[in-house]
Amino acid sequence: MAEPSLSISRCNYPVELQEAILDYLIPWDRGVLFTLSRVCRFWRHRSYRHLFSAIPIAQSTVMPFYDLALDPFSLAGIFPHIHDIHFRTIPLANGWNAAQLVILDKVLVLLSQHTTVTSVVLSGFSMDCHRREVPSFRRSLFTAVTRLTISGGRFRNPKELAQELSIFSQLQTVDFHAVYCDWEIDTKVKHPPGLYGLTVAVHAGSPYEKTISWKLQCPLTAVEEDELHAFGSIVNADVHGTIRRLGTSLYDLQVQLERGPSQNLSFSPCLRRISIGSPTLVLSIMTWVPRILYSLAKTDTPALKILEIIFASSRQFHLDKPFLRCLSVVLSQPQYSGVLKIHFIAYYHIFDDEVEQTIVKVIQGGLERWNSRGLLEFSFRTHDCDWA
């Protein structure tokens, strides 16, 4: 890859102004970042940090990526910014062949020499299955990885799961998305120690999507195989079963609903954060939100610290006042006395400053007690943003 042809070598604006411009533009799409990278060296450096911080590696991309890696400019200008790797198996490509795995090993060796990988995503890809063909998986190339996401995996027994995790000796967080544990479940054995987060998305006409986030509180080597065996009962259960089995270990819950199945949170007295709602629905339609929150009010301890409510903005926001009255009743329960922040996140298609002001004014009036204590916070986002 040749050095880009730059019309100017540096920008003459004050650094503070450049930082403000970049902070505003960087969250936009990758096309904007490519344009920014051609302004000057400083902007290119900042843009590359975001453009190449995470890279996908699949059967179709591993060879082009290796060709890129052979260029001296890429090694010096791109590789130091790579910290997240997404290993992906394309289902219709009949798996990885021997030649692709050889190239993959070479790519990983180069990465280990020029950057520090801290996060790995495995989508339909098993490192343990390819240890023989990819020697890098047997070396200490992933000792800095603290977060692992496994998406779409299937494990035949707890030993397979343990071997996959053992490649990453310094793990702090493991996310399981659409993972299935193919063994008999023993609900009497306690699941691995740690704190757990649960993200649930329920879309109209579609089955729910569930992601379990396991935050380790001890080294991975201290986790017993029978605890991993019990972990299958959490992964395979439906949403209600997962919440019930996690019990006091569940500390973070994110629920995006476009229809209203009721979840009972009375089994989760230690929840610290709840994010609930939908970016496509106005508050008045989401009648299940106060109902779910009220189930948490049946617990004995006021553990919740952060409550996020996600909704679609509307020009007729005054119609949502009944929702706010119900929410006020729920928040008045003793179990919500420890809340430190109530964050309303409104999504819109077209920005309207007048609508924003109306939403803030109506919510502040409906939740006057919490507004007077400075607990209310507001954000307005486009539908291009990630809701969570």
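Looking across segment 216-233, the residues that are more than 12 Å from L161 (Cβ to Cβ) and buried (at least 17 other Cβ atoms within 10 Å of the Cβ) come down to L216, S233.
Of everything in segment 134-156 that is assigned to a loop (DSSP other than H, G, I, E, B) and either open to solvent by 90 Å² or more (accessible area, probe 1.4 Å) or at pLDDT below 85 (or both), the residue that is nearest to K215 (Cα to Cα) is G153. Residues that are over 22 Å from F142 (Cα atoms) and among the aliphatic types (A, V, I, L, M) within segment 69-97 comprise I90, L92, A93, listed in sequence order. The set of residues in segment 121-130 that are open to solvent by 20 Å² or more (accessible area, probe 1.4 Å) and either out of contact with any Gly (no Cβ under 9 Å at 6 or more places or on another chain) or over 16 Å from T211 (Cβ atoms) (or both) comprises V121, S126, D128, C129, H130.
If I ask for residues that are touching a residue at least 40 places away in the same chain (Cβ under 8 Å) and either surrounded by 15 or more Cβ atoms within 10 Å (Cβ to Cβ) or of a type in the set (G, A, S) (or both), which ones from segment 350-380 would you list?
Scanning segment 350-380 gives V355, E356, T358, I359, V362, G366, L367, F380.
None of V355, V330 is over 21 Å from R273 (Cβ atoms) and part of a helix (DSSP H, G or I) except V355. Considering H191, H203, the condition of being at pLDDT below 85 and crowded, with 19+ Cβ neighbours inside 10 Å is satisfied by H191 alone.
Being charged (D, E, K, R) and open to solvent by 10 Å² or more (accessible area, probe 1.4 Å) is the filter here, so list the residues in segment 312-335 that pass it. Steps first, please.
Taking segment 312-335 as the starting set, the residues that turn out to be charged (D, E, K, R) are 315, 320-321, 325.
R315, K321, R325, listed by residue number.
The set of residues from segment 39-58 being surrounded by fewer than 18 Cβ atoms within 10 Å (Cβ to Cβ) and touching a strand residue (DSSP E or B) at 6+ places or on another chain (Cβ under 9 Å) comprises S53, A54, P56.
A quick yes/no check of all residues on (1) more than 27 Å from the chain's Cα centre (by Cα); (2) part of a loop (DSSP other than H, G, I, E, B); (3) on the phi > 0 side of the Ramachandran plot:
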site	(1), (2), (3)
F73	yes, no, no
P80	no, no, no
G95	no, yes, yes
A99	yes, no, no
I103	yes, no, no
L110	yes, no, no
Q113	yes, no, no
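Take segment 76-88 and flag every residue that is buried (at least 17 other Cβ atoms within 10 Å of the Cβ) and not small (G, A, S). Passing the criteria: I78, F79, H81, I82, H83, D84, I85, H86, F87, R88. Is it the case that some residue within segment 336-349 is of a type in the set (S, T, Y) and either surrounded by fewer than 17 Cβ atoms within 10 Å (Cβ to Cβ) or part of a helix (DSSP H, G or I) (or both)? Yes: one or more hits. For segment 283-311, the set of residues classified as open to solvent by less than 50 Å² (accessible area, probe 1.4 Å), in contact with a helix residue (DSSP H, G or I) (Cβ under 9 Å, 6 or more places away or on another chain) and not in a loop (DSSP other than H, G, I, E, B) consists of L283, V289, P290, L293, L296, L307, I309, F311, listed by residue number.
Would you check which residues across segment 267-277 are out of contact with any helix residue (DSSP H, G or I) (no Cβ under 7 Å at 6 or more places or on another chain), without any contact (Cβ under 8 Å) to a residue 40 or more places away in the chain and either open to solvent by 20 Å² or more (accessible area, probe 1.4 Å) or not β-branched (V, I, T) (or both) and list them? Of everything in segment 267-277, those that are out of contact with any helix residue (DSSP H, G or I) (no Cβ under 7 Å at 6 or more places or on another chain), without any contact (Cβ under 8 Å) to a residue 40 or more places away in the chain and either open to solvent by 20 Å² or more (accessible area, probe 1.4 Å) or not β-branched (V, I, T) (or both) turn out to be R272, R273.
The residue that is most open to solvent (accessible area, probe 1.4 Å), counting only those in segment 242-266 that are under 27 Å from K321 (Cα atoms) and over 21 Å from the mean Cα position of the chain (by Cα), is R259.
Could we say that T118 is open to solvent by 10 Å² or more (accessible area, probe 1.4 Å), touching an Asp or Glu at 6+ places or on another chain (Cβ under 8 Å), free of Cβ contacts under 8 Å to residues at least 40 places away in the same chain and among the hydroxyl-bearing types (S, T, Y) here? In short, yes. For segment 157-196, what are the residues that are among the aromatic types (F, W, Y) and in a strand (DSSP E or B)? Of everything in segment 157-196, those that are among the aromatic types (F, W, Y) and in a strand (DSSP E or B) turn out to be F176, Y180, Y196.
The values are calculated or read from the model by the stated rules, or taken from the named source; none is laboratory data. Computed from a predicted model, the values in this text were never measured in an experiment. Counting neighbours? That spans all protein chains shown, and the Cβs are built from the backbone with ideal geometry, glycine included. Just so you know, the surface numbers come from the protein's heavy atoms only, side chains and all, with ligands and any DNA or RNA stripped out. Shrake-Rupley method; radii C 1.70, N 1.55, O 1.52, S 1.80 Å.
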